[in-house]
Amino acid sequence: MTQKVTPNQAQLLSLVIDSGLCTGCGACVELCPYMKSHNADTVALFKCDREQGRCYQYCPRTETRLDNLHKALFEKKDLTSEIGAFKVLYMTRAADPKIRSIAQHGGTVTALVSLALSEGIISGCVLVDQDEKMLPKSYTAFNQKSIIKASGSKFVNAPTVAEFNRISPKGKDPLGVVATPCQALALAKMRVNPADEDKERMNWLKLVIGLFCGWTLDWRQLQNLVTQAIGEQKILAMDIPPSQHACMQVTTDKGITQIPIAQVNNCVRECCDYCADMTAEFADVSVGSARSDKGWEIDKGWNQVVVRSKAGEKLINLAREKGVLEFKNVPKENLEKLKKVSLSKRKWSQSKLSRLQENLEALQCQ
């Protein structure tokens, strides 16, 4: 993986997809007819003979100078080694109880997207819904009703950047994206080093709201696991409490079923072991579930929010001014805990990547 490669589809297939590194973010999809997303996987329908390709250029798993991206997108004074750019950490929830009742945790993401749309900061936002089989689908929301559809966490990867690639050339309107860390990294690469044919459309990406993410689950394995646990019951919500609870909670029309976390861990996608970013460092604001000494029953109604950029700062300040979000004091130890957990994931991924590189080099020598 240290060798100099020609940035084309063949190298993308060899170094990323065939090596198990592909996250399914969709950055290589909707750029040409050859790459497609299918049932949470990225597949190549045909071989491409171009010497250079945007598929390789924008992939979050190809060679990337992360420090250059950080410097291009954020203020130097805000950069940290553990969680990327950092201005301030908040604990927030949606002020609207209707949003809180249907959204995951505090409903902060739903509230911020709704605010950005109503204030004209964006005209549409790329979000993710899922079908009755828990297969996610990315789409662009242009109104409040469409935003509400996306409420709640999805634990399977979605081709979010593919939807952005599809919708962004269609007009000259500001767009937002709610993104996981790998998706936000792909968008950062597109923002900072766009191909000539993408420069105009990238000017219309005005807001990236990031989601904290430790891993995603294999769709087929998750579907089998949950079906075995609840049968034909209708899923209303899914959540994973803090580690001491050691379970996934599936809320259905019949009640709450707990699935042991050990069984859930068996569904974690291999590619997530190689991700160094837990807090979506390349977003304008990043949102995760809250943590405090008050306990899960209190914390699950709130989010923690990392403000990273001037655009993110402006949006959060507007949310406070308009009364869209409620704020409460953040425990003093929360920032250091967040940095510690994030750094631990970074070190783990680096060790996994080193082992993968050694294995690939050994194969090349055979």
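The values are calculated or read from the model by the stated rules, or taken from the named source; none is laboratory data. Just so it is clear, the model here is predicted, and its values are computed rather than measured. Please note: Cβ atoms are built from the backbone with ideal geometry, for glycine as well, and neighbour counts cover all protein chains shown.
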From the options Lys294, Lys310, Lys300, residue that is of a type in the set (Lys, Arg), surrounded by fewer than 16 Cβ atoms within 10 Å (Cβ to Cβ) and farther than 19 Å from Val208 by Cβ
Lys294
Conditions (1) part of a loop (DSSP other than H, G, I, E, B); (2) farther than 29 Å from Lys345 by Cβ; (3) basic (Lys, Arg): number failed by Lys36:
(1)
Output yes when any residue across segment 167-184 is more than 19 Å from the chain's Cα centre (by Cα) and closer than 27 Å to Asp96 by Cα, and no when none is.
yes
Being among the charged types (D, E, K, R), in contact (Cβ under 8 Å) with a residue 60 or more places away in the chain and not in a strand (DSSP E or B), is that true of even one residue in segment 7-26?
no
Can you find a residue in segment 226-235 that is surrounded by fewer than 24 Cβ atoms within 10 Å (Cβ to Cβ), under 20 Å from Lys149 (Cα atoms), among the aliphatic types (A, V, I, L, M) and not assigned by TED's automatic domain parsing to the domain that holds Arg291?
yes
As an exercise: evaluate Asn157 against (1) modelled with pLDDT of 95 or more; (2) surrounded by 22 or more Cβ atoms within 10 Å (Cβ to Cβ) and give the number of the one condition it does not meet.
(1)
When the residues of segment 55-107 are narrowed to those that are among the aromatic types (Phe, Trp, Tyr) and within 30 Å of Asn8 (Cα to Cα), which ends up surrounded by the fewest Cβ atoms within 10 Å (Cβ to Cβ)?
Phe74
Lone qualifier among Arg50, Arg100 - being basic (Lys, Arg), over 28 Å from Glu336 (Cα atoms) and either touching a residue at least 40 places away in the same chain (Cβ under 8 Å) or in contact with a Pro (Cβ under 9 Å, 6 or more places away or on another chain) (or both)
Arg50
Hey, does segment 254-261 have a residue that's aliphatic (A, V, I, L, M), in contact with a Leu (Cβ under 6 Å, 6 or more places away or on another chain) and not in a helix (DSSP H, G or I)?
no
Sort out which residues of segment 174-206 are surrounded by fewer than 24 Cβ atoms within 10 Å (Cβ to Cβ), within 17 Å of His70 (Cα to Cα) and touching an Asp or Glu at 6+ places or on another chain (Cβ under 8 Å), and write them in order of number.
Met190
Does Tyr34 fit the bill of being touching a helix residue (DSSP H, G or I) at 6+ places or on another chain (Cβ under 6 Å), more than 16 Å from Asn157 (Cα to Cα) and not hydrophobic (A, V, I, L, M, F, W, C)?
no
